[in-house]
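Engineer: I'd like to ask you about the structure that follows.
Rule-based calculations on the coordinates, nothing more; no lab input. Values in this document were obtained by computation on a predicted structure and should not be read as measured data. Ideal geometry is used to build each Cβ from the backbone, glycine not excepted, and the neighbour counts take in all protein chains shown.
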Amino acid sequence: MAMSGDRPITGRRLGIGSPRAPCRGDAGRPGKRAALFPFITPPNLPHAIRWNPSAPRGLLKTWIERRLAEGMAAPFGDMAMPDTILITGASAGLGADFARALANKPVTLVLTARRTDRLAALAEELGTRPDVEVHVISADLGRPEGVKTLLDGITDRGLRIDTLINNAGYGALGDFADSDLATQTGMIDLNMRALVTLTHALLPPMLARGRGRVLNVASTAAFQPGPYMAVYYASKAFVLHFSEALHEEVKGRGVTVTALCPGPTRTEFADVAGMAETPLFERFASGSEQVVRDGLAALERGQAVMVSGLLNRLTAASTRVAPRGVLRRAVAKLQSGRR
């Protein structure tokens, strides 16, 4: 029987019924046991194979080969998750909540943001939990040198990132023509350029190991144009489409890429963006806990896109059939209430 730490791993524990399920072990990392393929238990076989003794052996062989070829990634639940997780924008909001949720199990966290004092306080809070190691790397990812600072800090500490959570980003409410250009271009730099640069740096090593995950925080803003937040909405559409494309590119190689699309969420994002008093937030904002749960669940399953919340899923689905003009006017009305 294969072992992980002191606990036996069985096919049932590995959850073969989920889309992805590899081992925690990594032959390329000192002190870790070699990678193991999970084995299949009868309850997880397709119904036709499980209950039909006369099912052709070729059918079973084909199913097994397809499952193995799809690539299997370790779930966040019963089995150990990837060891080292990088979270950007970790000083507040969803980033801090992701860190707290992940620190409920043994893990090494790498937290980055501009505000060193907040990162240090969060690291002190989480560092007291059993088997949780926290590294703080202060960096302004909205600047090219900030991304380099982060990557150099990871290298200098001898860390190997198994999961990347690209959470850093901001928005700004107002007419584009009257807005500060530096604010708009800074949004492009942080929401898109930094995300692409980090993914480009960390994805190849994951693929080389055949093991890793990327979670890119997009938004339900990705599904329609956003008058009075034109650049922000466009940046999140980029994140969504970029993530979906990479999801297909890496499929079957042991690595997954997921786009998380929350709706309006009660974090300090709304205050920074100047939209806390808009009808959109006053009517539809929800708590961050559900977003974090949905994001980690989607990451566990290797899901391409997760829209958090039933109402948000229905709204996102409706954008496929609603006329574009109707969408534009609806968003403009929801976001202009403060004007």
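Engineer: For the stretch 131-221, take every pair of Cα atoms, bin their distances at 10 Å starting from 0, and report each bin as a whole percent.
Structural biologist: Once binned at 10 Å, the Cα pair distances of the stretch 131-221 give 14, 42, 30, 11, 3, 0.
Engineer: Could I ask something else about it? Just to confirm my numbers, what's the Cα centroid distance between the stretch 87-119 and the stretch 291-308 in Å?
Structural biologist: A separation of 18 Å, based on Cα centres.
Engineer: Next up: Among 248, 125, which comes first, then next, by fewest other beta-carbon atoms within 10 Å?
Structural biologist: Ascending Cβ contact count within 10 Å gives the list 248, 125.
Engineer: Among the trypsin sites (Lys or Arg not before Pro) within the stretch 102-182, which fall in a DSSP loop and have no more than 14 other Cβ atoms within 10 Å of their own Cβ?
Structural biologist: 115, 157
Engineer: Amide H to amide H, which residues 5 or more places from residue 212 or on other chains are under 5 Å from it, using H placed in the peptide plane?
Structural biologist: 256
Engineer: If Lys and Arg each add +1 and Asp and Glu each add -1, what is the summed charge of the other residues whose beta carbon sits under 12 Å from the beta carbon of residue 218?
Structural biologist: 0
Engineer: What order do you get for 238, 98, 176 when you list them from fewest to most C-beta neighbours inside 10 Å?
Structural biologist: Taking fewest neighbouring Cβ atoms as first place, the list is 176, 238, 98.
Engineer: Which net charge results when you count Lys and Arg as +1 and Asp and Glu as -1 among the other residues whose beta-carbon is under 10 Å from that of residue 107?
Structural biologist: Combined, the nearby Lys, Arg, Asp and Glu give -2.
Engineer: Can you list residues whose amide H is under 5 Å from residue 161's amide H, if they're 5+ apart or on another chain and H is modeled 1.01 Å from N?
Structural biologist: Amide H to amide H, under 5 Å and 5 or more residues apart or across chains, residue 161 pairs with nothing.
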